[in-house]
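Since the structure comes first, as structure tokens, the remarks are kept for the end.
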Amino acid sequence: MKRIGVMVVLGMAILASGCGRRVPLKPATGETLPPKAASARYTPNAEQLMYPSAQAVPGRSDELLGRSQDRYDDYFDLPPK
């Protein structure tokens, strides 16, 4: 029974390894890339569409408590009745 489980896992790993093939991206047959946006200077190609700009994915600050401050009392933060 244990052998069957190992065989299944290995078989799935072999099948999944074919999914990571690296080939240049092209539109499907008969399809085109999305049209240029109204405010864009140029139409991006498939490679440029795969990687978002720095503005679309901003960097993260790991120092979350660098400027911590004491919280003031909130008079409207009342317990439920």
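Any residue in segment 11-29 that's more than 15 Å from MET50 (Cβ to Cβ): show its pairings with residues that are modelled with pLDDT under 75 at Cβ separation under 7 Å, as long as the two are six or more apart or on different chains.
That search, which allows pairs on different chains as well, returns nothing.
Within segment 58-71, can one find any residue that is modelled with pLDDT of 80 or more and either exposed (fewer than 10 other Cβ atoms within 10 Å of the Cβ) or assigned to a helix (DSSP H, G or I) (or both)?
Scanning segment 58-71 turns up no residue that is modelled with pLDDT of 80 or more and either exposed (fewer than 10 other Cβ atoms within 10 Å of the Cβ) or assigned to a helix (DSSP H, G or I) (or both).
The values are calculated or read from the model by the stated rules, or taken from the named source; none is laboratory data. Predicted model, so just to flag it, every value in this text is computed and none were measured. Please note: Cβ atoms are built from the backbone with ideal geometry, for glycine as well, and neighbour counts cover all protein chains shown.
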